[in-house]
Amino acid sequence: MTSSPAARPCPLPRVVLVFGTRPEAIKMAPLLHALRVDGGFDVRLCVTAQHRQMLDEVLELFELSADHDLDAMTEGQSLNGLCARLLERLEGVLAAEQPDLVLVHGDTSTCAMASLAAFQRGIPLAHIEAGLRTGNLQAPWPEEANRRLTAVFATLHFAPTESARRNLLAEGVADAAICVTGNTVVDALQWMCRHLDELGWRPPAGPLGQLPEGAPVVLITGHRRENFGEGFEQICHALAELARRYPQVQFVYPVHLNPQVRGPVHRLLGGIANLQLLPPQDYRHFVWLMQRASLILTDSGGVQEEAPSLHKPVLLMRTATERPEAVAAGCVRLVGTDAVRIVDEVSRLLDDPAAAREMRSASNPYGDGLACRRILARLREYFGLAQGAPA
Ligand code: UD1
Ligand code: UDP
């Protein structure tokens, strides 16, 4: 399950990155590359595989290989069962590696358990994408609690925005422990967009390749636990009605592998001609889909941060967001999960090009693609290493 204990002949500071889900992997991939290229650190990667297939796709795409793979995912896993497996298995990795710093990302169970495991072994912790808050422990659930827990243990807090920094200060975190960097998702997205451009990439034959030229595309994703049950039923009813009302529009929905999502979505939305239910798309395909979309309907965290960089309007199927910046900028609109409201809001953007244009014109508040350089510079400072070129 884990590789053999790593002896410590290397004088460089040892940093262990721990992540386990698709979004963490996408957002940590550019940082992992930056740390390895830098050469000033002994970098180790531990994947928990809280996600299996959805994680492996990202590892393959970004050519990342793990030093430890905890293989934690089980079908339909419970939060407590998963957390227990993670904590138990992380203990072995941290004991073997004896890192100088553990780096975690975001708000997942992997993030929270790796933070707790590091703390209980007395290992300093750095939190990437720190300081996001709704102030409501039920939304997002359980992610709001995971973020707060990690903040309690972190030595270094890498906040993506000024407002995230203010949230941390309000909780009593010392200013000197916070570094505002932008979100590493912008680094990853820019890399992928360049990659697609350089390759002149076009989708292969199959559902994406067959999207009718010029047809408007509405891209959909959804997986939040607080939307399970009634919320997902409402979302599905809205999508069925929209597909009926707008036969010229293609509705494309890569469906998350969680059985609590797959079940209702396939039951309520199967067999609609202009509504394609697809498996999760690898990041290259998904970025292409975001570029191709006229608007995006989602409850995802990462998609809220990426879409503004691509100037795509986002309708957010949640009642609260820990990412208020894009809402304030005007490119993301909170619409909740009521079917009537979703149908109205999507219709408004499809029927009124000026309304969609206005949302597209807002600027991206989540960064400039240099987040990893800023994190690297702060890590070098933390370990007393000479600085490279400034970010
Ligand atoms: C997790 C995170 C959530 C994050 C989301 C990103 C927690 C509590 N939740 O939610 O914050 O937004 O990932 O997608 O950390 N599954 C597969 N294959 C995969 C991935 C998932 O089959 O590659 C199925 C399994 O049955 C698994 C279930 O989905 O048990 C749930 O996975 P889990 O990571 O517990 O929850 P997510 O809803 O994915
Ligand atoms: N994503 C992807 N394929 C998909 C759906 C999403 O690669 O089929 C990417 C998306 O671009 C973003 C990340 O996955 O970078 C978001 O993951 P998710 O919505 O599962 O989690 P969240 O961000 O809500 O934690």
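The values are calculated or read from the model by the stated rules, or taken from the named source; none is laboratory data. Everything quoted here is computed from the prediction, not taken from an experiment. No Cβ is skipped: glycine too gets one built from the backbone with ideal geometry, and neighbour counts run over all protein chains shown.
If you filter the stretch 273-290 down to residues that are among the hydrophobic types (A, V, I, L, M, F, W, C) and within 27 Å of G76 (Cα to Cα), you find that the one that is nearest to ligand 2 (Cβ to nearest atom) is F286.
When W141 is tested against (1) in contact (Cβ under 8 Å) with a residue 24 or more places away in the chain; (2) away from ligand 2 (no atom under 16 Å from the Cβ), exactly one condition is not met: (2).
Taking the conditions exactly as written (in contact with a Phe, Trp or Tyr (Cβ under 9 Å, 6 or more places away or on another chain), not in a loop (DSSP other than H, G, I, E, B) and not aromatic (F, W, Y)), does I342 satisfy them or not? So I342 does not fit the description; no.
Tally the residues that are within 19 Å of the chain's Cα centre (by Cα) and of a type in the set (V, I, T), restricting the search to the stretch 310-351. Steps first, answer last, please.
Narrowing the stretch 310-351 to residues within 19 Å of the chain's Cα centre (by Cα): 310-327, 331-334.
Subsequent filtering for residues that are of a type in the set (V, I, T) retains 314, 319, 321, 327, 332.
So the count comes out to 5.
For the stretch 90-113, state whether one or more residues are within 11 Å of ligand 1 (Cβ to nearest atom) and β-branched (V, I, T). Looking through the stretch 90-113, at least one residue is within 11 Å of ligand 1 (Cβ to nearest atom) and β-branched (V, I, T).
Residues that are crowded, with 16+ Cβ neighbours inside 10 Å and among the charged types (D, E, K, R) are absent from the stretch 255-266 altogether.
Being closer than 25 Å to S163 by Cβ, among the hydrophobic types (A, V, I, L, M, F, W, C) and touching a helix residue (DSSP H, G or I) at 6+ places or on another chain (Cβ under 6 Å) is the requirement here; does L269 meet it? Write out each step before concluding.
Values: closer than 25 Å to S163 by Cβ: no; among the hydrophobic types (A, V, I, L, M, F, W, C): yes; touching a helix residue (DSSP H, G or I) at 6+ places or on another chain (Cβ under 6 Å): yes.
No, not satisfied.
So that you can scan it fast, the table gives a plain yes or no per residue for (1) buried (at least 20 other Cβ atoms within 10 Å of the Cβ); (2) within 14 Å of ligand 2 (Cβ to nearest atom); (3) aliphatic (A, V, I, L, M):
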{"site": "P204", "(1), (2), (3)": "no, no, no"}
{"site": "G214", "(1), (2), (3)": "no, no, no"}
{"site": "T221", "(1), (2), (3)": "yes, yes, no"}
{"site": "E226", "(1), (2), (3)": "no, yes, no"}
{"site": "G229", "(1), (2), (3)": "no, no, no"}
{"site": "F232", "(1), (2), (3)": "yes, no, no"}
{"site": "A238", "(1), (2), (3)": "yes, no, yes"}
{"site": "Y246", "(1), (2), (3)": "no, no, no"}
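Of R85, R44, R36, which residue is within 15 Å of ligand 1 (Cβ to nearest atom), charged (D, E, K, R) and either crowded, with 17+ Cβ neighbours inside 10 Å or under 25 Å from R194 (Cα atoms) (or both)?
Only one candidate passes the filter, namely R85.
Consider N80 carefully, then state whether it is farther than 23 Å from R14 by Cα, within 11 Å of ligand 1 (Cβ to nearest atom), under 19 Å from the mean Cα position of the chain (by Cα) and surrounded by fewer than 24 Cβ atoms within 10 Å (Cβ to Cβ). In short, no. Screening the candidates D67, D71, D42 for the property of being over 17 Å from V104 (Cα atoms) and at pLDDT 95 or above yields one hit, D71. When I342 is tested against (1) away from ligand 1 (no atom under 16 Å from the Cβ); (2) surrounded by fewer than 19 Cβ atoms within 10 Å (Cβ to Cβ), only condition (2) is not met.
Exactly one residue among N146, N136 is within 20 Å of the chain's Cα centre (by Cα), surrounded by fewer than 18 Cβ atoms within 10 Å (Cβ to Cβ) and either farther than 17 Å from C372 by Cα or of a type in the set (A, V, I, L, M, F, W, C) (or both), and that residue is N136. Going through (1) of a type in the set (V, I, T); (2) closer than 19 Å to R148 by Cα; (3) within 12 Å of ligand 1 (Cβ to nearest atom) one by one, V58 falls short only on (2). Against the list (1) within 25 Å of F232 (Cβ to Cβ); (2) in a helix (DSSP H, G or I); (3) over 16 Å from the mean Cα position of the chain (by Cα), the condition A354 fails is (1). Within this structure, E60 passes the test of being within 18 Å of the chain's Cα centre (by Cα) and at pLDDT 95 or above. Among the residues of the stretch 273-286, the one identified as in contact (Cβ under 8 Å) with a residue 40 or more places away in the chain, in contact with a helix residue (DSSP H, G or I) (Cβ under 9 Å, 6 or more places away or on another chain) and either more than 16 Å from ligand 1 (Cβ to nearest atom) or basic (K, R) (or both) is R284. Test A243 against the criterion of being within 16 Å of ligand 1 (Cβ to nearest atom), in contact with a helix residue (DSSP H, G or I) (Cβ under 9 Å, 6 or more places away or on another chain), part of a helix (DSSP H, G or I) and at pLDDT 95 or above, and give yes or no. Judged against the criteria, A243 is not a match. The single condition among (1) surrounded by fewer than 19 Cβ atoms within 10 Å (Cβ to Cβ); (2) over 19 Å from H285 (Cβ atoms); (3) among the acidic types (D, E) that D197 does not satisfy is (2).
Can you name every residue in the stretch 291-309 that is touching a residue at least 40 places away in the same chain (Cβ under 8 Å), over 10 Å from T221 (Cβ atoms) and within 15 Å of the chain's Cα centre (by Cα)?
So in the stretch 291-309, the residues touching a residue at least 40 places away in the same chain (Cβ under 8 Å) come out as 291-303, 305-306, 308-309.
Now drop any that are not over 10 Å from T221 (Cβ atoms), which leaves 291-295, 301, 305-306, 308-309.
Within the stretch 291-309, G301, E305, E306, P308, S309 meet the criteria.
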